[in-house]
Structure formats: C-alpha cells, structure tokens
Amino acid sequence: MKTSTPIFMVYAICMFMLAPAYGQQRFQRWGGGVDDETLHFGFSFHYINADYKIALKPDWQLPHPDATEMGNLVGVSSPFYHGMGLGLLADLKLAENINIRFTPSLVFSNKVVNYTFAAPTGSPTIDSNTVIEKLVRASYIDLPLLFKFKSDRKGNYRGYLIGGGKYSINVTSGKRYDDTGLAPVEKYLKTKPGYFSYEAGIGFDIYFDFFKMSPEVRWVQSVGNLLDNREPNMYNHPIERLMLRNFQVSLFFE
C-alpha cells in the first residue's frame, strides 16, 4: 500500500499538468486573430445563376411590324444562366457580432431571353414553334455594402446572416451593343448600364490555423426597370418591365 501511494501521486500530478495543455489544444481559437482586428481584408470567388423576371405588356401578343413573318408571339421567358465573379473584401468591425462589409467584384454574368413564335395560320409548319434566343452579354462591376450579423463563435465555427444593397455597372464595350445596320430579327435586347439591387444571405465562418474561410449563399433582386427601350424593336416591344434575379454561391477568404 505504501508503495502504490507515491505512484498514484505522481500520476495525479502529471494529469494536473497536462490538463491545461489538452484544453488549449481542444479549444484553440484559430483564424489568425482576424476577428480581433477592427479592419481586415480578403478576397472572394462567386458562382452565379441569374435570370430575368419579366412583366409583359397587356397587348404583348400583338404582332410587331418587324415580326410579322415570324408568326404569333406565344411566350417570353428567361431561363437561369450561369456566371462567375472575382472580388475583394474590406471588413469593418462595428461590435462583437456586427460587421459592415464592402465587397467590390468583377462579375461575368450573361442572361438569356427566349421568344417563342407560333407559325401563322395556314402555314405548312403550323404545328411547329420557332424559339429565338437573345443573349444579353454583361460584365459588371458590383459595389455591395452589406451588414454581417454573426452568432457567437463555437470552437472554430460561426454562423451569420448578411444583407444590404448594391450598385452594379455594366462595363461591356458599347460596340457589342451597336446593332445599327442589322436586320430587325438580329437586333439586340438592351438593358440599362447600371442598376441598384438588394441582397440577403446566410453563411458560415470556418477558422483554420492562419485564415478564415466563409462559404455563403446569397439571393439578389434588382430594383426598378432594367429594360432599355429607347430604340423600339421586336424584342423589347412586348416587355413592360425587366428585373434581374441572382442566386449566388460565394467563397470568402480572410
């Protein structure tokens, strides 16, 4: 009995000394201290699915003079079209759980509008429809200003909500929109060069040894009418309002 007592005491002392080291390893707060900085920076990658929400005029099916040979217009739709973007990040800490973020990005996001025409009555191809796809080419500089509402950090993870507004500028060369001299059926569907939008999303901060990675999902909805109808043609004629919707998956590194 006397022999085992010192062994027990040595074992107890070793466990007592190792406990803080184990606790520090178990609950180590990684991330390079980025959350403790008042201002920090980063970069981002974005995958985007975008389409137009289209509001048609009451008389949208009335034929346009340039489209009489195409038949009757029976449908206008915009399928989702993919894009991508690269961006920078500036993050200002307002409080322990609130940050304000400026995330300028260069975004390549084309959109498509499909026009479905039915063959005129009496035509030998009356049972067939013609679909004309109009590609709207766009390269935007996005300037979002967002509030980030963070949960308390649990180990090396944290959830957050984000929301705010954005102004986007189309930097595509004007030569690509010049349809002077083109046949009516080859004209372009044009949009305004800039627009405002609001956005909201959810994400997670994942802390690594020297940096933080944040996967994020965001929904974007434009404000106002994006349609540029200063030069009427057969493609903007049936449309009353054109609004942009984006579903965006992002990856931030800070």
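The values are calculated or read from the model by the stated rules, or taken from the named source; none is laboratory data. Being a predicted model, the structure only gives us computed values, none of them experimental. Reconstructed Cβ throughout: ideal geometry from the backbone, glycine too, with neighbour counts over all protein chains shown. Note: accessible area is taken over every heavy atom of the protein model, side chains too, but ligands, DNA and RNA are not part of it. Shrake-Rupley method; radii C 1.70, N 1.55, O 1.52, S 1.80 Å.
Specify which of the listed residues (Leu244, Leu161) is under 22 Å from Asp36 (Cβ atoms), of a type in the set (A, V, I, L, M) and under 19 Å from the mean Cα position of the chain (by Cα).
Leu161 is the lone residue from the list that is under 22 Å from Asp36 (Cβ atoms), of a type in the set (A, V, I, L, M) and under 19 Å from the mean Cα position of the chain (by Cα).
So which residues in segment 100-114 are open to solvent by 10 Å² or more (accessible area, probe 1.4 Å) and over 15 Å from the mean Cα position of the chain (by Cα)?
Residues satisfying the conditions are Ile100, Asn114.
Any residue in segment 186-199 that's touching a residue at least 40 places away in the same chain (Cβ under 8 Å): show its pairings with residues that are assigned to a loop (DSSP other than H, G, I, E, B) and aliphatic (A, V, I, L, M) at Cβ separation under 6 Å, as long as the two are six or more apart or on different chains.
Final answer for the pair search is Thr191/Leu226; Tyr195/Leu226.
Which is in contact with a Pro (Cβ under 8 Å, 6 or more places away or on another chain) and assigned to a loop (DSSP other than H, G, I, E, B), of Asn233, Asn225, Asn229?
Asn233
Here are some conditions: (1) open to solvent by 80 Å² or more (accessible area, probe 1.4 Å); (2) at pLDDT 90 or above; (3) not in a strand (DSSP E or B). Leu189 meets all but one. Which one does it not meet?
Leu189 satisfies every listed condition except (1).
For segment 203-254, give me the residue count where each residue is charged (D, E, K, R), over 30 Å from Lys148 (Cβ atoms) and either open to solvent by less than 10 Å² (accessible area, probe 1.4 Å) or touching a Ser or Thr at 6+ places or on another chain (Cβ under 8 Å) (or both).
Number satisfying all stated conditions: 1.
Do you know which of the residues in segment 42-87 that are open to solvent by 90 Å² or more (accessible area, probe 1.4 Å) and in a loop (DSSP other than H, G, I, E, B) is nearest to Ile141 (Cα to Cα)?
Phe80
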